[in-house]
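Following: one structure in structure tokens, then a few remarks.
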Amino acid sequence: LHENKRQWRPDFIDLVNPSEQARLVVATDSGSYTGYSETFTARGIKLTRPSVGTWVDVGTPQNITWIEAGIDVGAKGNFYLSLDGGSNWLGSSLIGAPTWAGDSTIQVWNVDSTLNPTTNALMRMHIFDSPTVADINYQSYSKAFTLRGMKVLSPVASNNWELGSTKAITFLSAAAGARASLYYSSSGGLGYDAQPIAEDISIADGLNTN
């Protein structure tokens, strides 16, 4: 008697959703015969928002959402952010208090206005405590999304630029548009000169220097 067996490693990010009502079916190519599994739990967490290709505006509140199955209702987790596709992760949790990862599926994220805009942001949920030992250190990753905005990198507060000298103005941009103008204020931003420093310049995602 031949035993049919297949090793299956479901990828929750790309293929299927976690579910406590999961079921498999095996069907012949002709459609003449089918076999069904019993209902089982496909355990895990899938981050659904932010999702691939979406924009998250820097400095605004956003909802983080996820699907979970088989995670203890007492499991506690934190969210972390990468600005470079997962090569490096910011050390602090995005949310001030731990999230009940197995009891809720939405969390408000107040996006820090000082974050660098990027088109290659990733989010990670990490469970650090749970009554169920198997939950601890479980991690789930989002796909790449955009932190949309613009951030001036120079000048900074420590600069003492002499009027009439030539200095480089640098800024980061992500999904903020293709053209921009630069303006000067002598009142700390209460008002800006009508005449721009540079007008209708071309900008791109990433670092810009003018």
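Annotations
- Counting only protein heavy atoms and a 1.4 Å probe, the chain has 63 square angstrom of accessible area per residue.
- Length released on extending from W55 to I136, taking residue separation times 0.36 nm less the Cα-Cα span: 26.1 nm
- Table column - 3J(HN,Hα) (Hz), region 164-181, Karplus curve with 6.51, -1.76, 1.60, x for Gly and Pro: x, 8, 9, 10, 8, 9, 10, 7, 9, 9, 8, 6, 9, x, 10, 9, 7, 10
- Amide H contacts of W109: Q62, N63, I64, each under 5 Å away and 5 or more positions distant or on a separate chain (H built 1.01 Å from N in the peptide plane; Pro and chain starts excluded).
- Residue-span extension gain [A157 to Y33] - 0.36 nm each, minus C-alpha spacing: 37.4 nm
- Entry for the chain at q = 0.09, 0.12, 0.13, 0.14 Å⁻¹: log10 I(q)/I(0) = -0.53, -0.77, -0.85, -0.92, Debye formula applied to identical alpha-carbon scatterers, no solvent contribution.
- Order by protection proxy (mean Cβ within 10 Å, highest first), peptides 95-103, 71-79: 71-79, 95-103
- The phi-based Karplus calculation (6.51 cos²θ - 1.76 cosθ + 1.60; θ = phi - 60°) puts the 3J(HN,Hα) values of region 58-75 at 4, x, 10, x, 9, 8, 9, 10, 7, 10, 9, 8, x, 9, 4, 5, x, 5 Hz, whole numbers, x for Gly and Pro.
- For the chain, with all protein chains in place and a probe radius of 1.4 Å, 50% of the accessible heavy-atom surface sits on carbon or sulfur.
- Antiparallel content of DSSP bridges confined to the chain, in %, to 5: 95 percent
- Evaluating 6.51 cos²θ - 1.76 cosθ + 1.60 at θ = phi - 60° for every residue in region 135-152, the Karplus couplings come out as 6, 5, 6, 5, 9, 9, 10, 7, 8, 5, 9, 10, 8, 8, x, 9, 9, 7 Hz, glycine and proline recorded as x.
- Under 5 Å from the amide H of N120 lie the amide H atoms of L147, each residue being 5 or more positions distant or on a separate chain, with H modelled from the backbone and absent for Pro and chain starts.
- Take every pair of alpha-carbon atoms less than 8 Å apart whose residues are at least six positions apart; their mean separation over the length of the chain yields a relative contact order of 17 percent.
- The packing ranking of peptides 147-153, 35-41, 121-127, highest mean first, is 121-127, 147-153, 35-41, where packing means the average number of other beta carbon atoms within 10 angstrom of each residue.
- Remark on D129: its backbone amide H falls under 5 Å from those of K76, N137, a criterion applied only to residues 5 or more positions apart or on other chains, H modelled at 1.01 Å from N.
The values are calculated or read from the model by the stated rules, or taken from the named source; none is laboratory data. Because the structure is predicted, anything quoted here is derived from the model rather than measured. Cβ sites come from the backbone with ideal geometry, for glycine too, and all protein chains shown count toward neighbours. Ligands, DNA and RNA are stripped out before the accessible areas are found, and what is left, the full protein with its side chains, is counted by its heavy atoms. Shrake-Rupley method; radii C 1.70, N 1.55, O 1.52, S 1.80 Å.
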